[in-house]
Amino acid sequence: MGLIDIASGNSTWRGLDYCKENKVSNYKKISECEYQAILNGSNNNKYNVFMDIEHPRKSKCDCPHAKDRRVICKHIVALYFTAFPKEVNKFLKEVEEAEKEYEEYEEELEEKMIKYIKSMSKSELQETVLELLYDGPEWQYDRFIRYKVGY
């Protein structure tokens with residue numbers, strides 16, 4: 001499992017921002033899989049970052065979020081994207097593909113729902129609407145009464 005795979009979504013996106021903002025300084029390659037840098041964090045704080053791409057959980061940062069924890073913070077992600085700039089495009093492409101897949105899935109679900117609703121009898125539709133209004137959130141019931149019934 002790669003470094004980006006175990007970072008939170010928030011750390012990944014913020015790390016990408018930090019990379020684009022050139023917040024990584026004194027970046028050094030220690031070995032084939034180890035890197036270190038000083039990162040300019042928010043409020044002019046500087047953090048020492050160590051990254052091991054072969055064993056991501058060995059990566060470390062002395063920021064408040066990651067200090068003494070096995071967490072991949074935004075600073076480690078920023079170092080990763082700085083050390084491997086091609087990974088930025090790969091990551092963005094994967095996100096784009098996942099979003100496209102999800103949109104297609106949502107469209108397919110909507111088509112199935114419309115087809116199912118059109119196949120229902122009038123009494124089935126009436127029962128379903130009442131069930132949704134009584135069992136759904138209160139705002140849904142109130143909104144229906146206000147806009148459809150006229151009270």
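The values are calculated or read from the model by the stated rules, or taken from the named source; none is laboratory data. These numbers were taken from a predicted model, which means no experiment stands behind them. For neighbour counting, all protein chains shown are included, and Cβ atoms are generated from backbone atoms with ideal geometry for every residue, glycine included. Ligands, DNA and RNA are excluded from the accessible area calculation, which covers all protein heavy atoms including side chains. Shrake-Rupley method; radii C 1.70, N 1.55, O 1.52, S 1.80 Å.
Reported count of residues in segment 63-88, each being free of Cβ contacts under 8 Å to residues at least 12 places away in the same chain and surrounded by 20 or more Cβ atoms within 10 Å (Cβ to Cβ), is 1.
Specify the residue that is nearest to the chain's Cα centre (by Cα); the eligible residues are those in segment 33-50 that are in contact (Cβ under 8 Å) with a residue 12 or more places away in the chain and more than 13 Å from residue 80 (Cβ to Cβ). In this case the residue turns out to be 41. Candidates in segment 51-62 are the residues that are touching a residue at least 24 places away in the same chain (Cβ under 8 Å) and open to solvent by less than 60 Å² (accessible area, probe 1.4 Å); of these, the one that is nearest to residue 23 (Cα to Cα) is 51.
Here is the figure for segment 32-50: residues that are closer than 18 Å to residue 19 by Cα, open to solvent by 10 Å² or more (accessible area, probe 1.4 Å) and in a loop (DSSP other than H, G, I, E, B) total 1. Scanning segment 9-22 for residues that are of a type outside the set (D, E, K, R), farther than 17 Å from residue 96 by Cα and either in a helix (DSSP H, G or I) or at pLDDT 95 or above (or both) gives 11, 15, 18, 19. Does residue 27 satisfy being in a strand (DSSP E or B), open to solvent by 50 Å² or more (accessible area, probe 1.4 Å) and more than 30 Å from residue 125 (Cβ to Cβ)? When the stated conditions are applied, residue 27 passes them.
Scanning segment 113-136 for residues that are surrounded by fewer than 10 Cβ atoms within 10 Å (Cβ to Cβ) and assigned to a loop (DSSP other than H, G, I, E, B) gives a single hit, 121.
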